[in-house]
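Participant: I am attaching a structure below and will ask some questions about it afterwards.
The values are calculated or read from the model by the stated rules, or taken from the named source; none is laboratory data. Quick caveat, the model's predicted, so the values are computed rather than measured. Glycine also receives a Cβ, built like all others from the backbone with ideal geometry; neighbour counts cover every protein chain displayed.
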Amino acid sequence: MRAIFYLFLAALFCPGCKQYTPENLPAEHVRFGSKGGITGGGREYVLLLNNGRLLFDDEYTGKLEKVGKLTKAELSTVRAELSGMVFPKSGTPPGNYNTSMSYHHDGTTEKISWRQPGGAPTAEVKNCYNSLMTAVRRLRKTDN
């Protein structure tokens, strides 16, 4: 009887514990991070725009690890930045170590890559990327 009670409690609280994978991401999300260099490795994050959940895309395990959740104010700021952002179609070709951001929405994907460090093609892109990375650093710091 006790086991049934615990199963009931787990089922009651489990809907908020959804496990995301690269295949079941919500339609509206942002991928951002940096890759390249000598090892070719990097760090890429995914922000779910429906709930503010921030995930780390672990390229070695293929899993998405929870980092934390943006505040409502942070999520609103990022949404506003993305809605007004123009993703340039051309620019300087990426170099050995690249920073990238892709915005998945309304069945489309807008993507941009630029050379590191600080080579963002527009101030809008740079500000949005910096906002996202500031949230990552804040959440990683509070995680430890």
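Participant: Can you tell which of K63, K126, K69, K141 is modelled with pLDDT of 90 or more and out of contact with any Lys or Arg (no Cβ under 8 Å at 6 or more places or on another chain)?
Facilitator: K63
Participant: Which one of the conditions (1) in contact (Cβ under 8 Å) with a residue 24 or more places away in the chain; (2) more than 10 Å from the chain's Cα centre (by Cα) does T61 fail to meet, given that it meets all the rest?
Facilitator: (1)
Participant: State all residues of the range 105-124 that are more than 20 Å from V46 (Cβ to Cβ) and surrounded by 11 or more Cβ atoms within 10 Å (Cβ to Cβ); if no residue qualifies, say none.
Facilitator: R115, G119, P121, T122, E124
Participant: Moving on to the next point. Does the range 65-76 hold any residues that are of a type outside the set (D, E) and either over 17 Å from M101 (Cβ atoms) or surrounded by fewer than 17 Cβ atoms within 10 Å (Cβ to Cβ) (or both), and which are they? Show your work before the answer.
Facilitator: Taking the range 65-76 as the starting set, the residues that turn out to be of a type outside the set (D, E) are 66-73, 75-76.
K66, G68, K69, T71, K72, A73, S76, listed by residue number.
Participant: Starting from the range 97-120, keep only residues that are in contact (Cβ under 8 Å) with a residue 12 or more places away in the chain, then list their pairs with residues that are among the polar types (S, T, N, Q) and not in a strand (DSSP E or B) whose Cβ atoms are within a distance under 7 Å, requiring at least 6 positions of separation or different chains.
Facilitator: Y97/Q116; N98/Q116; T99/Q116; W114/T92; R115/T92; G119/T92
Participant: Take the range 52-78 and flag every residue that is in a loop (DSSP other than H, G, I, E, B) and within 22 Å of N130 (Cβ to Cβ).
Facilitator: Once the filter is applied, which keeps residues that are in a loop (DSSP other than H, G, I, E, B) and within 22 Å of N130 (Cβ to Cβ), the range 52-78 yields G52, L70, T71.
Participant: For the list (1) under 22 Å from V136 (Cβ atoms); (2) at pLDDT below 85; (3) of a type outside the set (G, A, S), I need the number of the one condition that C14 fails.
Facilitator: (1)
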